[in-house]
Amino acid sequence: MLRRLLLLLCGELGIWERAVAAAAGPLPAELGELLPRPVLRISSSQPLEGSSMTLTCEIQLPPQKRDVQKQFCFFRDDQMLGSGCRTSPELWIPNVWSKDSGSYWCQVEMVTLGITKTSVTSQIQVQRVHVSDVSLESQPPGRWVMEGDKLVLICSVASGTGDITFSWYRGALGLNLETKTERSLRAEFEITSVQQRDAEQYYCAADNGHGPILSGLISITIRSPVSHPVLTLRAPRAQPVVGDMVELHCEALRGSPPILYQLYHEDAILRNSSAPSGGGVSFNLSLTSEHSGNYFCEADNGQSAQRSEVVTLNVTVPDGNRSYHLTSGSIEGLLGSFGSIIFMALLLGYWLKRRAGRPSAGDLPRSPGSRVIQQSNYLNSPDALQLQSSYENVNVGSGDKIYSLVYHAQQEREPVVVGHMGTHVENKVFPDIYSRLRKAENIDSDYDDVM
């Protein structure tokens, strides 16, 4: 009997336990099986490199369970994303790259229930954009740079995603200068101080995993600053004179063309000239007296101007009496000096012939000459000298021209000698010949002029 009572009590107790469990609800394991799985929502299953992406973990709970405290966790393969689980069902990724491709899933933890639910995985393939339109440019622009300055070569692409590997090459054989990888559409290579050996052709290449794409060639010119120019004076003689043509040659022995030359005379610009292909220039001057002074030249090819040493030019002005050009005044002078002597000699010979009795048929009547006696003007010996003069009008040819011949003789008196010395008489004759052209009717006035 006791045994039957115990069995009855145990059966009633089992019924009671089942009733209590039914009133409390299902167990966590059983509840977890009843709740649905979360779903991972992705803004784009094939996002482009560099773009953003949003992950959302969604779960549908019964109305009586919606207030349960939850935590959301996001994973790529076996790696948790972000800084850990969060209360927000969303995860925003600002940029995704090709390395971010993989399997994504999320997890929901219901803290109060102690239940964890996991979503199914989703494959995300981040799309990479190939590089295109690779170009190379220089800084400073213009593809030329002064020797010693900095040169920057900028390689850029119009499009391309992900990590891009940039490479720079010099020369037709493609000597690699530098390679760098950047997550950017452009990169720079710098030469801090260029030299003449850096004057070459350059190109670059860009690659983001699909093969390198090359840019076009650019040529870099290295320009050298000009040296101090040399100014050279070239003249036809050691001492230039007015009228000479001289050449002033200015040349900078070093410097990249084009070069602008300027010639200075006493700190004022006299002339300028350009040498597009380098070398020197010449300035030709037809000398005047104002060209005397100091000269220097200046060379400039765009970096800094350089000046030469000073060259002094002395221009000699020739004496007018030494001029070799016969002007009307010089001809008159020659006729007045040498010509008069020659003419008088001819006239004298003609007069002597006339005196010999061979008169010319065309002679005009001439007035007879008369002798004029002049007294001595010496103060210390008023009678020491006796002057005698004579003249005669002579017509040497036909026409109205009359020539007057004047003879002048000076005679000393006989000195008185005391003692055994006898008397001595010495006559000195100093002939002077004068000539003047006058018309026949002016013979009397000619006589007055001669006297």
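The values are calculated or read from the model by the stated rules, or taken from the named source; none is laboratory data. The model shown is predicted, which means the values in this text are computed figures rather than measured ones. Cβ atoms come from the backbone with ideal geometry, glycine included; neighbour counts cover every protein chain shown.
Only residues that are surrounded by fewer than 17 Cβ atoms within 10 Å (Cβ to Cβ) and in contact with a Cys (Cβ under 9 Å, 6 or more places away or on another chain) were counted in the stretch 73-87, giving 6.
Do we have Arg271 as outside any strand (DSSP E or B) and either on the phi > 0 side of the Ramachandran plot or among the charged types (D, E, K, R) (or both) here? Considered against the rule, which asks whether it is outside any strand (DSSP E or B) and either on the phi > 0 side of the Ramachandran plot or among the charged types (D, E, K, R) (or both), Arg271 comes out as no. If the condition is being at negative phi, assigned to a loop (DSSP other than H, G, I, E, B) and touching a strand residue (DSSP E or B) at 6+ places or on another chain (Cβ under 7 Å), then the stretch 78-119 contributes Leu81, Cys85, Thr87, Ser88, Pro89, Val96, Ser101, Val111, Ser119.
The residues in the stretch 197-231 that are surrounded by fewer than 14 Cβ atoms within 10 Å (Cβ to Cβ) and in contact with a Pro (Cβ under 6 Å, 6 or more places away or on another chain) can be counted, and the count is 0. Quick one: would you say Leu13 is outside the structural domain of Ser184 (by TED's automatic domain parsing) and at pLDDT 55 or above? Judged against the criteria, Leu13 is not a match. Within the option set Val194, Val145, being surrounded by 18 or more Cβ atoms within 10 Å (Cβ to Cβ), modelled with pLDDT under 95 and part of a strand (DSSP E or B) holds for one residue only, Val145.
Selection over the stretch 125-138 of residues that are out of contact with any Asp or Glu (no Cβ under 8 Å at 6 or more places or on another chain) and either in a strand (DSSP E or B) or within 12 Å of Glu49 (Cα to Cα) (or both) gives a count of 7. Based on this model, can you work out whether Lys70 counts as at pLDDT below 95 and surrounded by 15 or more Cβ atoms within 10 Å (Cβ to Cβ)? When the stated conditions are applied, Lys70 passes them. Consider Leu287 carefully, then state whether it is surrounded by 15 or more Cβ atoms within 10 Å (Cβ to Cβ) and over 28 Å from the mean Cα position of the chain (by Cα). For Leu287, the condition - surrounded by 15 or more Cβ atoms within 10 Å (Cβ to Cβ) and over 28 Å from the mean Cα position of the chain (by Cα) - is met.
If you check His249, His228, which single one turns out to be touching a Lys or Arg at 6+ places or on another chain (Cβ under 8 Å), part of a loop (DSSP other than H, G, I, E, B) and not aromatic (Phe, Trp, Tyr)?
Answer to the check: His228.
Only one of Ser289, Ser256 is in the same structural domain as Val241 (by TED's automatic domain parsing), farther than 27 Å from Val315 by Cβ, of a type in the set (S, T, N, Q) and modelled with pLDDT under 95. Can you tell me which? None of the others qualify; the one that does is Ser256.
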